[in-house]
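Worksheet for the structure shown next.
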Amino acid sequence: MEPDNWGVVGRGNIDLYNKLGYVPIDANYSHGRQDITHRTVSRSIEYAHNDFSIALFARAMGNRAVYDKYIARSSNWKNLWMKDAEEPTTGIKGFFQARYSNGTFVTRPGEGCTTCFVAQPGKDGEFYEESAWSYSWFVPHDYAALIDHVGGKDRFVRRLGTSISGSWDD
């Protein structure tokens, strides 16, 4: 059920999330607050984590059908992972990126990178108070898949070091 003011409570654009596996950047936002960004990426990633929590609750309650439905949806974070999105300072690739409802990723042509806001909190309105770099770690329910997405254990550890130190050493 769509909340009255999804900018404050609830899971806004939930019908599209359920249909597409992410909240698209070009969804209808007329029913939400107009003074804030849509935060489609962070909301989609958080919805996937919520789905994992719902799945665990359903499993504890012995409801296999609900568990199966929501454990599958908990992988929806993968729908916004863009392997070619590049952090321009380090050249590290693979970050969450907004998508249109037709499935294409949002890019900013002419800026010389897939997303120039990867490491700049608050600059990309599709992330809530953070950046694609920070959100690239927010898959607490599926770190094994996240490690695979960034290129394996060694790259994951090096990437983590980079996020702390700010330099990528090959």
From the residues in the range 1-34 that are more than 12 Å from Ala98 (Cβ to Cβ) and of a type in the set (Asp, Glu), which one is modelled with the lowest pLDDT? Glu2
Could you tell me whether Ala85 is more than 21 Å from Ala145 (Cα to Cα), out of contact with any Pro (no Cβ under 6 Å at 6 or more places or on another chain) and surrounded by 15 or more Cβ atoms within 10 Å (Cβ to Cβ)? no
Before we move on, is Tyr47 surrounded by 17 or more Cβ atoms within 10 Å (Cβ to Cβ), in contact (Cβ under 8 Å) with a residue 12 or more places away in the chain, touching a Lys or Arg at 6+ places or on another chain (Cβ under 9 Å) and among the hydroxyl-bearing types (Ser, Thr, Tyr)? yes
So Thr37 passes all but one of these: (1) over 16 Å from the mean Cα position of the chain (by Cα); (2) at pLDDT below 85. Which condition number does it fail? (1)
Among (1) assigned to a loop (DSSP other than H, G, I, E, B); (2) at pLDDT 85 or above - the single one Phe52 does not satisfy: (1)
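The values are calculated or read from the model by the stated rules, or taken from the named source; none is laboratory data. Since the model is a prediction, treat every value here as computed from it, not as a measurement. Note: ideal-geometry Cβ built from the backbone for every residue, glycine included; neighbour counts use all protein chains shown.
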